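S.K.: After the structure tokens below, expect a handful of questions from me.
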2 protein chains.
Amino acid sequence: MAQPPSRTLTREHIAAAALAVLEREGLAGLSMRKVATEVGVQAPSLYWHVRNKEELLDLLGDAIIADAEIPLRTGDWREQYLEYGRRYRALLLAKRDAAKVVAGRLTTGPRVLAVLEDQLDRLRGAGFADADAAMASYLLSAYVQGFVLQEQSPLSAAEAAGASRGQVSRAAGETFRALPAETHPNLVALAEHLTDPDMDTRFEFGLQRIADGLAALL
Amino acid sequence: MAQPPSRTLTREHIAAAALAVLEREGLAGLSMRKVATEVGVQAPSLYWHVRNKEELLDLLGDAIIADAEIPLRTGDWREQYLEYGRRYRALLLAKRDAAKVVAGRLTTGPRVLAVLEDQLDRLRGAGFADADAAMASYLLSAYVQGFVLQEQSPLSAAEAAGASRGQVSRAAGETFRALPAETHPNLVALAEHLTDPDMDTRFEFGLQRIADGLAALL
DNA sequence: AGCAGCCCCCTAACGGTGTTAGGGGGCGCG
DNA sequence: CGCGCCCCCTAACACCGTTAGGGGGCTGCT
């Protein structure tokens, strides 16, 4: 964990260390001091490379999405649009608390720009107007971020209490089922579906609806 | 601000005080001690009413959405679905950092349940299958939360530096335009649209696409 | 009337946080 | 050789969430 001063640490080293700490302790447990010791240094030394914690989190956000890959140019725009959505979600799910880190942050790493560029190219090539292409791209990222945020954050909250995802959703289901049926008949009836822990099909459902809506524009 | 012990404070008082502190100092500046003095009490006293800060944030989340209203039953399911989306966004934009507070949190206040109940009722009445109705509802909240999160968080970050939204988007536009045109032609060409500060039409675009995609299911 | 008990708030203190001030060692260059 | 700059250090500040333990005042029973 703590390594000898590997000689002149860089912002990349710091980002990597932050990523390691994030994975181990979660976003709440990520502190300047822990990142510092992870990189083999005292906390205030970080401030030579980084203005403040916010900037370190920017670095961390870029590092999280740095693994992004441009999908092979296969299939039509729709298939590729879907694939971007799926990969983005996978990327966020791969690192602990990634959605919370990335959420309100504007990441402009080279990989992100390349993906965005490719995405816009496909959309424009398919016949979308310029403004629509831009908004379609924004729509996708808003949906994915919102989805994953809800997907992985109750997880961390409840797993701290030692519960599995299945247990959590079952408990939530009980909450809905226990409501008075005369005032909330639909909640009671759909409790099972509302708390279905199968997040993959839930995500895919939204993704398909969005793609359908965009297709209707052409 | 700090008031005399208004005699036996309740969780509602605490929630109201937290809301006031949130509005004044933002989520980052919201501390147990500040909420305590706001309500006229010492910090540790809060722990009699609340298990920890996380639970206080749950209260705060409920308080934020407590203003939710069930739209009048006017128009078809689509119009009402759109209206729910718009109102949810308006609700989150109304309070500072509201999206960050609500984001990964499961709110189950009576108003939220009433809205959800009504929403499901409309969707089922329109002919959606049970599972689809549940997922459509989830889709809407994921989109709105993701959208508003990105919408209002760069705002707070940059307004701390004394910049207006227009200035921020103009600066972002410059970033895109400055890219090498041979590697990122689409980003350069669409810079204007990508950084268009008109969030209302951006939101409406996504909302309409989602509604279209759902309509295609019937 | 008196006393038990509980509700609710208090003070004190803990370890940890982000961040600033200021010092100093070691390297590259004149 | 020595100047200067880069980069890290120690010390310290104010603030944070949270726990321990004490006590005052009301309720209700005897």
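S.K.: Return the residue satisfying two criteria in turn: it lies in segment B:45-90 and is basic (Lys, Arg) and more than 16 Å from DNA strand C (Cβ to nearest atom), and of such residues it is nearest to the chain's Cα centre (by Cα). Give the steps one after another, and end with the answer.
M.R.: Just the residues of segment B:45-90 that are basic (Lys, Arg), to begin with: B:51, B:53, B:73, B:78, B:86-87, B:89.
If we keep only those that are more than 16 Å from DNA strand C (Cβ to nearest atom) too, we end up with B:73, B:78, B:86-87, B:89.
Working: B:73: 23, B:78: 21, B:86: 11, B:87: 10, B:89: 6 Å.
Among those residues, the one meeting the criterion is B:89.
S.K.: Here is a further query. Going by what's in this entry, would residue B:149 be described as more than 8 Å from every other protein chain (Cβ to nearest Cβ) and within 30 Å of residue A:194 (Cα to Cα)? Walk me through how you get there before you give the answer.
M.R.: Numbers: more than 8 Å from every other protein chain (Cβ to nearest Cβ): no; within 30 Å of residue A:194 (Cα to Cα): yes.
When the stated conditions are applied, residue B:149 does not pass them.
S.K.: Please verify whether residue A:204 is more than 8 Å from every other protein chain (Cβ to nearest Cβ) and either buried (at least 20 other Cβ atoms within 10 Å of the Cβ) or modelled with pLDDT of 90 or more (or both), treating the condition exactly as stated.
M.R.: Numbers: more than 8 Å from every other protein chain (Cβ to nearest Cβ): yes; either buried (at least 20 other Cβ atoms within 10 Å of the Cβ) or modelled with pLDDT of 90 or more (or both): yes.
Here the answer is yes, as residue A:204 does meet what is asked.
S.K.: Please find, within segment B:1-24, the residue that is modelled with the highest pLDDT out of those that are within 13 Å of DNA strand D (Cβ to nearest atom) and loosely packed, with under 11 Cβ neighbours inside 10 Å.
M.R.: Result: B:8.
S.K.: Wholly within segment B:32-100, which helices (runs of 4 or more DSSP H) include no fewer than the required count, namely at least 2 residues that are surrounded by fewer than 19 Cβ atoms within 10 Å (Cβ to Cβ) and in the same structural domain as residue B:139 (by TED's automatic domain parsing)?
M.R.: Details: elements: B:32-39, B:46-49, B:53-65, B:77-94.
Ranges flagged: B:77-94.
S.K.: Let me ask another. Among the numbered criteria (1) among the hydrophobic types (A, V, I, L, M, F, W, C); (2) within 14 Å of chain B (Cβ to nearest Cβ); (3) away from DNA strand C (no atom under 12 Å from the Cβ), which single criterion is violated by residue A:27?
M.R.: All conditions are met except number (3).
Quick grid of which residues meet (1) within 17 Å of the chain's Cα centre (by Cα); (2) farther than 17 Å from residue A:116 by Cα:
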{"site": "B:103", "(1), (2)": "yes, yes"}
{"site": "B:108", "(1), (2)": "yes, yes"}
{"site": "B:123", "(1), (2)": "no, yes"}
{"site": "B:135", "(1), (2)": "no, yes"}
{"site": "B:148", "(1), (2)": "yes, yes"}
{"site": "B:164", "(1), (2)": "no, yes"}
{"site": "B:174", "(1), (2)": "no, no"}
{"site": "B:177", "(1), (2)": "no, no"}
{"site": "B:189", "(1), (2)": "no, no"}
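S.K.: Here is a follow-up. Kindly list the number of the only condition in (1) closer than 26 Å to residue A:205 by Cα; (2) surrounded by 20 or more Cβ atoms within 10 Å (Cβ to Cβ); (3) within 11 Å of chain A (Cβ to nearest Cβ) that fails for residue B:125.
M.R.: Exception for residue B:125: condition (2).
S.K.: Please specify each residue of segment A:101-152 satisfying the condition of being modelled with pLDDT of 95 or more, in a loop (DSSP other than H, G, I, E, B) and hydrophobic (A, V, I, L, M, F, W, C).
M.R.: Across segment A:101-152, the qualifying residues are A:126, A:128, A:129.
S.K.: Could you grab the pairs with beta carbons closer than 7 Å, sequence gap of 6+ or different chains, first residue in segment B:42-66 and more than 16 Å from residue B:26 (Cβ to Cβ), second one within 12 Å of DNA strand D (Cβ to nearest atom) and not hydrophobic (A, V, I, L, M, F, W, C)?
M.R.: Every condition considered, the pairs that remain are B:43/B:33.
The values are calculated or read from the model by the stated rules, or taken from the named source; none is laboratory data. Values in this document were obtained by computation on a predicted structure and should not be read as measured data. Methodologically, a virtual Cβ is constructed for each residue, glycine included, from the backbone with ideal geometry; neighbour enumeration extends over all protein chains shown.
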